[in-house]
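First up is the structure itself, then whatever we jot down about it.
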Amino acid sequence: LSFISIPRDLYLIDQNQKGHKVNTLMSVGMSNGGEIKAGLELMQTSIGQMIGLPIKYAIGIDFVGFKRVIGYELGSIEVEVGQTLEDAWYPIEGAQLDPCGYSSEEIANLTATYSGFELESKFACRYEHLLYKQGRVKMEGHDALAYVRSRHSSSDYDRSRRQVEVLTAIRNKLFKLEALKQIPKFYEAFSKHVTTNLDLESAKYLAPLLANANEFEVKTINLTPENTLQSSRSSEGASIVIPKAGLNNWTEIQQYIKTQI
């Protein structure tokens, strides 16, 4: 079982000669009028071309759905935290405009004086302090989302590692609940929170093939500057990541993935 982590800033040029970061592909696909389904299809096609592997099925989930799947449907998960994560500046949902006790005049003065994180740090009430210590940690939906999203104390590549840890924990909980023996029940529960082209009949077909998946060897393949990527700038000046082989040249990445698998 191979997890292939792709950094969100990986940049590609589409068939219309327009450049996009991976993390914008969903919105680009949806902007063409096809809603979430079109966004998923563009993600599948684009990433499949990048890594040189066909992607037949995709699952899309938003933040609310993610928290509900873990908190309600799975009843929490146990994550093997590889490295202690501490983030004193994780944004609290819905608190983006909290004045934190400042008057309108004081906020105007702060905004005129500071920018970026210097400005953000003046509004400490908008943030919470995260601490997940190395080892096995029980996580509810909010915890799991915060753990995979936290960025102030880490990099995109570190987030990839944490995301794999959470996906592994989800897989383990599904086996603990014997989900593969109850496909219709779990499919109905999960389908309330996700968008996917994996229908119930396909899930029933795949279930027996995955019966021993909990015993599979797990490989994690991270695309990073240490192997196939390099930092660059787009024509608009945005910070991006491209293959070391050059813009839109996926040959080296595809070969690296094949050797790792």
| task | Just order 86-94, 163-171 by mean Cβ neighbour count inside 10 Å, highest at the front, would you? | result | 163-171, 86-94
| Over the chain, volume per residue of the alpha carbon convex hull, in Å³ | 163
| If one puts a single equal scatterer on every Cα of segment 153-200 and applies the Debye formula without solvent, what log₁₀ I(q)/I(0) results at q = 0.19, 0.25, 0.27 Å⁻¹? | -0.75, -0.95, -1.01
| Per the Cauchy relation, a quarter of the hull surface: what is the mean projected area of the convex hull of the alpha carbons in segment 80-206, in nm²? | 10.5
| task | Please compute the Cα-Cα pair-distance distribution of segment 26-160 with 10 Å bins starting at 0, giving whole percents from short to long. | result | 10, 26, 30, 26, 8, 1
| Ordering of 57-63, 102-108 by burial proxy (mean other Cβ atoms within 10 Å per residue, highest first) | 57-63, 102-108
| Which loop-located GluC sites (Glu not before Pro) does segment 196-226 contain, where loop means any DSSP state but H, G, I, E or B and the Cβ has at most 12 other Cβ atoms within 10 Å? | Glu217, Glu226
| message | Cα atoms only: what Rg and Dmax, in Å, come out for segment 137-261? | response | 18.4, 51
| field | MRE, 222 nm, helices only [DSSP H, n ≥ 4, -39500 (n - 2.57), over the chain, to nearest 500] | value | -11500 deg cm²/dmol
| query | Which percent of the accessible area of segment 12-119 is formed by carbon and sulfur heavy atoms (probe 1.4 angstrom)? | reply | 53
| said: Along the Cα→Cβ direction, 7 angstrom out, place labels at Lys181 and Leu1. What is the inter-label distance in nm? | reply: 1.8
| task | Largest first and to the nearest Å, give the Cα extent of segment 1-87 along each principal axis. | result | 44, 29, 28
| query | Non-local amide H neighbours of Asn197 (under 5 Å, H modeled in plane, Pro and chain starts lacking H): which ones? | reply | Ala58
| field | Equivalent-ellipsoid semi-axes of segment 46-111, from the Cα gyration tensor, Å, largest first | value | 37, 20, 15
| Given 0.36 nm per residue, what is the gain on full extension from Asn197 to Glu105 after removing their alpha carbon distance, in nm? | 28.0 nm
| request: Please calculate how many Å² of accessible area the chain carries per residue, with a 1.4 Å probe and no DNA, RNA or ligand atoms counted. | output: 59
| task | Name the long-range amide H neighbours of Ile4: under 5 Å, sequence gap of 5 or more, or other chain; modelled H, no Pro or chain starts. | result | Ile221
| task | Go ahead and run the numbers for FRET between Thr113 and Thr45, Cβ-Cβ distance against an R0 of 41 Å, rounding to 0.05. | result | 0.30
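The values are calculated or read from the model by the stated rules, or taken from the named source; none is laboratory data. Computed from a predicted structure; not experimentally measured. Cβ sites come from the backbone with ideal geometry, for glycine too, and all protein chains shown count toward neighbours. Remember, those area values only see protein heavy atoms, side chains included, never the ligands or the DNA or RNA. Shrake-Rupley method; radii C 1.70, N 1.55, O 1.52, S 1.80 Å.
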